[in-house]
Amino acid sequence: MALSEHLAKVVAETPGFMPVDEGEALHEAALRANPGTWLEIGTYCGKSTLLLGDAARRVGAQLVTVDHHHGSEENQPGWEWHDESLVDDRTGKLDTLPRFRPVLDELEDCCSAVVARTEVVAQWWSSPIELLFLDGNHTEPIALHDYRSFARHLTPGALLIVHDVFPNPDDGGQAPWHVVESAMHSGGFGQVSVHGSLRVLRRLSFDAFTTA
Ligand code: SAH
Ligand code: MG
């Protein structure tokens, strides 16, 4: 089920880090998830949020997207993935929240935005999750924190989708790959598909699962 022409245009115009083919794979995978609560870690300007939000609407799910909106290490001035146009003149800080606003307006019936650090959200989050998309901080401690804190809320049959997974260190940072390895070694997940750097896993039964 393809995106509407309108939404495809909004996705294309929204700054972000989701290649077209991996975005299509994300949308396709999400359409096979159960309704209920879906959680995205790493909103940035909402490129992937649009894809997940459109699938959530069709499936009858509610999407929650979390970001402090000040960017990751690699988005800061002087780094490879810095976008000068997203700096707030008043504070001099990167701020993706204003650019995310029109995206949120597209998804007002099916998406809630949480503007906070994942370390804070993890302290109160208690809802069962039917789809978890991990695309936030790619440093080892925070990527593993996000996996450990939120994957334990996945119900049997729920999807765990991880972005920027590079098994070969020459291709990119290793933290998301280590998350996938942890999930596979936990015995709690089976791999559904791989599309470029996008991995889709499915949660197995409660018994087999530990995020330790
Ligand atoms: N999914 C987006 C890309 C996300 S980039 C897309 O498709 O374009 C990663 C995001 O993670 C950044 O916006 C950054 O602000 C956010 N982030 C990094 N560390 C975070 C943390 N500890 N808590 C919340 N968000 C964080
Ligand atoms: Mg990414």
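Please label the shape of the stretch 71-190 as rounded, prolate or oblate, based on the square roots a ≥ b ≥ c of the eigenvalues of the alpha-carbon gyration tensor (a/c under 1.5 means rounded; beyond that, a/b larger than b/c means prolate, else oblate).
Details: a/c = 2.16, a/b = 1.30, b/c = 1.66.
Oblate, because a/c is 1.5 or more while a/b does not exceed b/c.
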| note | Amide H neighbours of Ser112 at under 5 Å, excluding residues fewer than 5 places away on the same chain, with H built from the backbone geometry, are Leu63, Val64, Thr65
| said: Relative contact order of the chain, please, whole-number percent, based on alpha carbon pairs below 8 angstrom and at least 6 residues apart. | reply: 19
| query | How would you classify the stretch 1-136 from its alpha-carbon gyration tensor, with a ≥ b ≥ c the square roots of the eigenvalues: rounded for a/c under 1.5, else prolate if a/b is greater than b/c, otherwise oblate? | reply | oblate
| remark: Counting only protein heavy atoms and leaving out ligands, DNA and RNA, the solvent-accessible surface of Trp81 at a 1.4 Å probe, in Å² to the nearest 10, equals 130
| remark: Reported to the nearest 10 Å², His145 has, with a 1.4 Å probe, an accessible area equal to 50
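The values are calculated or read from the model by the stated rules, or taken from the named source; none is laboratory data. Not measured: the values here are computed from a predicted model. Each accessible area value is taken on the protein alone, full model and side chains, heavy atoms only, with ligands, DNA and RNA left out. Shrake-Rupley method; radii C 1.70, N 1.55, O 1.52, S 1.80 Å.
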